[in-house]
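Bear in mind that the values in this text are calculations on the coordinates, not laboratory data. Predicted model, so just to flag it, every value in this text is computed and none were measured. Every residue, glycine among them, receives a Cβ derived from its backbone with ideal geometry; neighbour counts consider all protein chains shown.
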């Protein structure tokens, strides 16, 4: 594999990581919107929210961190080529 082919593959991978991060951010925004709507609809001091909601948000945030790490590692690798 030539250096140019490797750079092309890395660029594609970085693009896919960026796209995954964008989809993940959209999912988190939708979960945050759901939380806001549920709380507003219930309009009580202790609104009920499904326990899965908090876990889903935590998982998305963990995925964001992983994707950011992957992007940083790939960018560093690319800069060394």
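For the reader, a short list of remarks on this structure follows.
- Among the residues making up the stretch 66-77, those that are within 17 Å of residue 19 (Cβ to Cβ) and in contact (Cβ under 8 Å) with a residue 40 or more places away in the chain are 67, 68, 70, 71, 74, 75.
- Of the residues making up the stretch 26-53, those that are surrounded by 13 or more Cβ atoms within 10 Å (Cβ to Cβ) and within 30 Å of residue 76 (Cβ to Cβ) are 27, 28.
- Condition broken by residue 3, with the remaining ones in (1) in contact (Cβ under 8 Å) with a residue 24 or more places away in the chain; (2) touching a helix residue (DSSP H, G or I) at 6+ places or on another chain (Cβ under 9 Å) satisfied: (2)
- Flag if residue 9 is touching a helix residue (DSSP H, G or I) at 6+ places or on another chain (Cβ under 6 Å) and in a helix (DSSP H, G or I): no
- Filter result for residue 51 (within 22 Å of the chain's Cα centre (by Cα) and touching a residue at least 40 places away in the same chain (Cβ under 8 Å)): no
- Taken as a whole, the condition of being surrounded by 14 or more Cβ atoms within 10 Å (Cβ to Cβ), under 12 Å from the mean Cα position of the chain (by Cα) and assigned to a helix (DSSP H, G or I) applies to residue 67.
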